[in-house]
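Student: Have a look at this one.
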Amino acid sequence: MSRLTLACVTALLVSVFATVAFGAVKGAPIMGKPSRIARPAFRGFYDGHKDTYLNTDVSSKAEAKAMHVNFSAPIGKVKGLPEIYLVQGRAATGQLAIFGSEPGEASYSPLWSETILTWKQGATPVLITSDTQIDKIEKTGKLSERDAHVVLNCPIIKVG
């Protein structure tokens with residue numbers, strides 16, 4: 001290996017180390033050295049496929065306690081958020097949360113307005129995998145929705 005090649009490889013390794021240790025982009029704020037933690041991840045539906053998300057904060061004290069996440073009253077004041085639909089009561093086998101958006105769309109946000117779905121008496125629950133499907137089922141009179149007046153911080157960390 002020539003001295004020039006060795007010098008280039010050494011400079012590259014120093015640059016990579018500095019980038020990892022002190023910030024990913026020159027001039028960007030430094031967050032410190034990353035570490036790993038174990039955190040539960042959840043799956044939710046969006047337009048017929050499953051996305052993976054984390055649940056970190058919620059604007060309801062009761063839900064924060066029940067879900068073992070952070071309570072944050074201020075996020076509850078944020079308006080104009082996409083919806084996360086949660087079925088309460090009877091549900092089809094395999095039912096998950098349903099998102100109204102996902103990363104890459106203009107309306108995506110890691111903050112979600114919680115909407116509760118309930119199957120009406122006599123209706124047979126079906127697996128709901130998209131917000132479009134929710135609208136169609138509601139028109140049949142078999143499903144109702146209500147605004148829970150709760151904001152969840154649930155960033156989607158993997159699409160599909």
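Student: My understanding is that a pair violates if its Cα-Cα distance is over 30 Å; which of 50/142; 61/136; 26/65; 79/139; 33/61 do that in this structure?
Tutor: Table pairs above 30 Å Cα-Cα are 61/136; 26/65; 33/61.
Student: May I pose another question? Under 14 Å from the Cβ of residue 52, count the other residues' Cβ atoms, weight Lys and Arg +1, Asp and Glu -1, and hand me the total.
Tutor: With Lys, Arg at +1 and Asp, Glu at -1, the neighbours total +2.
Student: By its C-alpha gyration tensor, with a ≥ b ≥ c as the square roots of the eigenvalues, how is region 39-158 shaped: rounded for a/c under 1.5, else prolate for a/b larger than b/c, else oblate?
Tutor: prolate
Student: Assign one of three labels to region 94-160, namely rounded, prolate or oblate, based on the Cα gyration tensor with a ≥ b ≥ c the square roots of its eigenvalues; rounded applies when a/c is under 1.5, prolate when it is not and a/b is larger than b/c, and oblate otherwise.
Tutor: prolate
Student: Shifting gears a bit: Under a point spin-label approximation (7 Å from Cα along Cα-to-Cβ), what is the residue 144-residue 132 distance to one decimal in nm?
Tutor: Here the modelled spin labels are 2.8 nm apart.
Student: Any idea what Rg and Dmax come out to for region 38-90 if you just take the C-alpha atoms, in Å?
Tutor: Rg, Dmax (Cα atoms, Å): 12.6, 32.
Student: Separate question: Could you tell me the relative contact order of region 39-158? Use alpha-carbon pairs under 8 Å, at least six residues apart, and round to a whole percent.
Tutor: Worked out over region 39-158, it gives 33 percent.
Every number in this text was worked out from the coordinates using simple rules, so none of it is lab data. Since the model is a prediction, treat every value here as computed from it, not as a measurement. Glycine also receives a Cβ, built like all others from the backbone with ideal geometry; neighbour counts cover every protein chain displayed.
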